[in-house]
C-alpha cells in the first residue's frame with residue numbers, strides 16, 4: 001500500500017503558501033502560492049484609458065453641439081433682423097406713397 005503525506009506551509013496571516021506531497025516512491029513537491037497577487041492591473045489600466053477616451057469624446061460632442069446651437073440662434077436672430085429691416089423699408093415706402101397721394 002502506498003503511503004502519502006501532505007504538508008501545508010502557511011504565512012503569518014494563515015494563508016496557505018505551499019503544498020508538499022510525499023509518497024513512498026519519493027517526494028513530489030507542488031508549490032501553490034495562494035497569497036494575493038497584483039493581477040488585473042492591465043485590465044484596470046485599459047478600463048481607465050477607455051473611460052478617459054469616453055469622457056473626451058463626450059466633452060467634444062457637448063462643446064460641438066453648443067457651438068452649433070449658438071450658430072443656429074445667431075442665424076435666427078439675423079433672419080429676424082432682416083425681416084424687421086424689410087418691414088421698416090415697406091413702412092417707409094408706404095409712407096412715401098401716402099405722401100405722394102396726399103400731395
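The values are calculated or read from the model by the stated rules, or taken from the named source; none is laboratory data. Note that the structure is predicted; figures quoted are calculated from it, not measured. Glycine gets a Cβ as well: all are built from the backbone with ideal geometry, and neighbour counts include every protein chain shown.
Any idea which of 29, 66 is modelled with pLDDT under 80 and part of a helix (DSSP H, G or I)?
Working: 29 fails: part of a helix (DSSP H, G or I).
From the options 29, 66, the qualifying one is 66.
Taking the numbered list (1) assigned to a strand (DSSP E or B); (2) modelled with pLDDT of 85 or more in turn, residue 19 passes all entries but (2). With respect to residue 40, determine if the residue is on the phi > 0 side of the Ramachandran plot, modelled with pLDDT under 75 and loosely packed, with under 10 Cβ neighbours inside 10 Å. Spelling it out, residue 40 is indeed on the phi > 0 side of the Ramachandran plot, modelled with pLDDT under 75 and loosely packed, with under 10 Cβ neighbours inside 10 Å.
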